[in-house]
Amino acid sequence: MNPAAKYISKQLKPLIEGSPTIIHGSKDLTIKLSKLSLTPDRHWYIVTGDVVAFYPNIPLNKCLDIVYNMWYYHVYDDYGPDYDSPINRKIQDLFKQCLYIGNTELVTQFQNKFYLQNNGLAMGVADSPDLANLYRAYFETRNKVLENPAIAFYGRYIDDCLAIVYAESEQEALQKVENIVKFNECVIEWNVSASWQPFLDMVLYKDENYKLQHMPYRKASNHQEKVPWILHHPLDVKRGTFIGEMSRLATLSTTLSVYKDAIRGLVALYIRRGYSANLVNSWMRNNIRECWNNRLHIHKPSEHVDILVLKTEFNLAWNYFNANELSKTIFGYWKTWLSKADKKEFSVEFPAPPEDDKHQIVAMPTDYLYVLMRGEEYYIPDIRKLDILNRKLITSRKRTRNLLDLASLWKKTVLESIDIQILEEEYYNPLFNPTPPVEERMDIDSDLMNYSANRILHLRVSPDPVSRGWRQAHW
């Protein structure tokens, strides 16, 4: 199920990026607002909306049909000349099968009972945000929201809507939005204000000159938990998180004074988290101007380069490690060996493969390389077909394992062993497996639900303190 959903999510990304009403994050919203020009001498209001229980209220089958048609017309450009070719038919069938496999007949477990989801999108599935976004974008396009002259700006981040509306009163602005922004079987709760409204992690407000401005916003549930100084993270990681927060605050601020106030609060917060005041102030002074100047800079995606990841830990020894040198040493030798193997120029430094090497590697015939040795042909894997020699080697770091990690691992192991004992006693021993009452049984008609009874569902049972398995585990 999950690989199918990931495939759908990847296929739908171009449609998400091409939709003008979808907001991709705070920086994307900031860039769009910076290009907004409001008509002078006209009253405008800030309107925000939130869809009530968005995922569960989406009609699943209708959503899947809409998304499939959107993908189809995007890929085949209104029935191109080759849309009905055999290979394209297979691609269409693959997409539709993955679309339905990844989002239908989903089973969840609650209190030892299994439930089959009949409608709505499931949270946690890889393509659910993409399906929800495109489902709403379909209605926004059909209702021509962006073409309405009363809507100066409209954008949406999944289930959160934002609109700048020309109107003479709050009630009129609200009515204009409600009449045009509609989604089937979904209820939207709207808020309107002539002065300010919070949206995502910013506050949009009207300044004394009646211009639209925005500033950082912190929700009441945000405890501002940063990386404390006492944690054993490398200094460059701590510095990177601080500079990243500076960049975020710069993006959310439209005026330099607002940005400076936010930076003062950030510096004070890090000092409260145990950081040295001199260290934090030096980070701030060295990066404050650059973060402000690049707050609206769009990083152009570089040319796609395949990578190989070398996993490391937070250890000072890795600071002296050069991944490029290791890459040159390994891949440089491989390239030289392959070049000499093509010319049959083997030596002590570049030896020929041993005679008893059977090369039992499953691969297509085109992935093999014929090497003539001692008058016989040998098949060896041709790593050049994998393009591994041109990949870039990078390092990734994670924190080292500590005592709490070992305690969590021990706890997980103990609970898993208890679960196994309980399952063996209560589900395989007839003395501990009484027949459940009729009203508590979950009978599924596989024919009516088109559900395969051969599917294996993982069953996990919480330990019962009075069971014999629990007592034995603690003794």
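Quick rundown of the values:
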quantity	calculated
When residues of region 120-135 are limited to those that are touching a residue at least 40 places away in the same chain (Cβ under 8 Å) and over 15 Å from ILE66 (Cα atoms), the one surrounded by the most Cβ atoms within 10 Å (Cβ to Cβ)	VAL125
Test: residue in region 142-160 that is of a type in the set (Ser, Thr, Tyr) and in a loop (DSSP other than H, G, I, E, B)	no
TYR138 being surrounded by 15 or more Cβ atoms within 10 Å (Cβ to Cβ), modelled with pLDDT of 90 or more and touching a helix residue (DSSP H, G or I) at 6+ places or on another chain (Cβ under 6 Å)	yes
Region 54-101: number of residues that are in a loop (DSSP other than H, G, I, E, B) and free of Cβ contacts under 8 Å to residues at least 24 places away in the same chain	9
Condition met for ASP28 (among the acidic types (Asp, Glu), in a loop (DSSP other than H, G, I, E, B), in the same structural domain as TYR138 (by TED's automatic domain parsing) and under 22 Å from ILE151 (Cα atoms))	no
Among residues of region 206-240, those that are without any contact (Cβ under 8 Å) to a residue 24 or more places away in the chain, under 17 Å from GLY265 (Cβ atoms) and surrounded by 10 or more Cβ atoms within 10 Å (Cβ to Cβ), counted	1
Any hit, region 7-26, residues being among the aromatic types (Phe, Trp, Tyr) and farther than 15 Å from LEU204 by Cβ	yes
Qualifying residue in region 73-89 (condition: modelled with pLDDT under 90, on the phi > 0 side of the Ramachandran plot and of a type outside the set (D, E, K, R))	yes
Those residues of region 286-313 which are charged (D, E, K, R) and closer than 22 Å to GLN224 by Cβ, in sequence order	ARG295
Pair list, Cβ < 9 Å and 6+ apart or interchain, from region 191-204 residues that are farther than 15 Å from HIS43 by Cβ to residues that are assigned to a loop (DSSP other than H, G, I, E, B) and aliphatic (A, V, I, L, M)	LEU200/ILE23
Cβ-Cβ under 6 Å pairs, at least 6 apart or on other chains, region 250-271 side surrounded by fewer than 20 Cβ atoms within 10 Å (Cβ to Cβ) and modelled with pLDDT under 95, far side of a type in the set (Lys, Arg) and outside any helix (DSSP H, G or I)	none
Scope region 295-342; condition in a strand (DSSP E or B) and of a type outside the set (D, E, K, R); matching residues	ILE307, LEU308, VAL309, LEU310, THR312
Members of region 56-65 found to be surrounded by fewer than 18 Cβ atoms within 10 Å (Cβ to Cβ) and under 23 Å from the mean Cα position of the chain (by Cα), listed by number	PRO56, ASN57
Search result, residues across region 99-129 that are farther than 30 Å from SER19 by Cβ and in contact with a helix residue (DSSP H, G or I) (Cβ under 9 Å, 6 or more places away or on another chain)	LYS113, LEU116
Filter result for the condition that a residue is under 20 Å from ASN390 (Cβ atoms) and at pLDDT below 85, over GLU303, GLU313, GLU355	GLU303
Qualifying residues in region 161-172 (those that are part of a strand (DSSP E or B) and of a type outside the set (A, V, I, L, M)) - the one nearest to VAL51 (Cα to Cα)	CYS161
One residue from THR108, THR104 being assigned to a loop (DSSP other than H, G, I, E, B) and of a type in the set (Ser, Thr, Tyr)	THR104
Condition check for TYR154: in the same structural domain as VAL51 (by TED's automatic domain parsing) and modelled with pLDDT of 95 or more	yes
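The values are calculated or read from the model by the stated rules, or taken from the named source; none is laboratory data. Everything numeric here is computed off the predicted structure, so don't read it as measured data. Because the Cβ atoms are built from the backbone with ideal geometry, glycine has one as well, and the counts that use them run over all protein chains shown.
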